[in-house]
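Asks: Let me give you the structure first, and then I'll get to my questions.
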Amino acid sequence: MAEKPGKIVPFVKKSVAKTPSPQSKIDISASSVRREPPLTEEALRTVVARVVLYGTLMETGHSARDRSYRNISEDDMLALLEGEWTLEATPEWDEGHRNWKYTLKGTDADGEELVLIVALQIELDRIDIITKF
């Protein structure tokens, strides 16, 4: 006995490319993700220590371009992150990148004062160095 072919439903092209509908009032760039509060200084120290040991340090383009101008080496930044530092200012929310920026103050490899503004990518085990001075 021969099998009967299944029912074939025609594909109507006009249903794929509809004419533009009036603009919606919904902001599609808005995120429905709840903004987490900034880390406490104790939690920040824990995350920084873990990332320095097991993660990645990454400089933004701005930070990398200014490195020679400001005479701050990778060793200087690492010395601050591995050493004693303080949270210099209240964490600042960066709406464009949807993360917190932290201002860390300590000393570089030569013992001179150094300030780093960093963002943490905790899920990636990464510290982004935004700027330094």
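The values are calculated or read from the model by the stated rules, or taken from the named source; none is laboratory data. On a predicted model such as this, the values are computed, not experimentally measured, just so you know. When we count neighbours, we look across all protein chains shown, and the Cβ atoms used for this are built from the backbone with ideal geometry, even at glycine.
Asks: Scan segment 94-106 and tell me whether some residue there is over 16 Å from E41 (Cβ atoms) and of a type in the set (F, W, Y).
Replies: Checked segment 94-106: no residue is over 16 Å from E41 (Cβ atoms) and of a type in the set (F, W, Y).
Asks: Please enumerate the residues belonging to segment 85-119 that are under 15 Å from S73 (Cβ atoms) and in contact with a Gly (Cβ under 7 Å, 6 or more places away or on another chain).
Replies: G106, T107, L114
Asks: I'd like to check which helices (runs of 4 or more DSSP H) are fully inside segment 47-133 and have at least 2 residues that are surrounded by 15 or more Cβ atoms within 10 Å (Cβ to Cβ) and among the charged types (D, E, K, R).
Replies: none
Asks: On to the next question. Go through (1) outside any loop (DSSP other than H, G, I, E, B); (2) in contact with a helix residue (DSSP H, G or I) (Cβ under 8 Å, 6 or more places away or on another chain); (3) among the hydrophobic types (A, V, I, L, M, F, W, C); (4) modelled with pLDDT of 90 or more one by one and return the number of the condition L44 breaks.
Replies: Unmet for L44, out of (1) outside any loop (DSSP other than H, G, I, E, B); (2) in contact with a helix residue (DSSP H, G or I) (Cβ under 8 Å, 6 or more places away or on another chain); (3) among the hydrophobic types (A, V, I, L, M, F, W, C); (4) modelled with pLDDT of 90 or more: (2).
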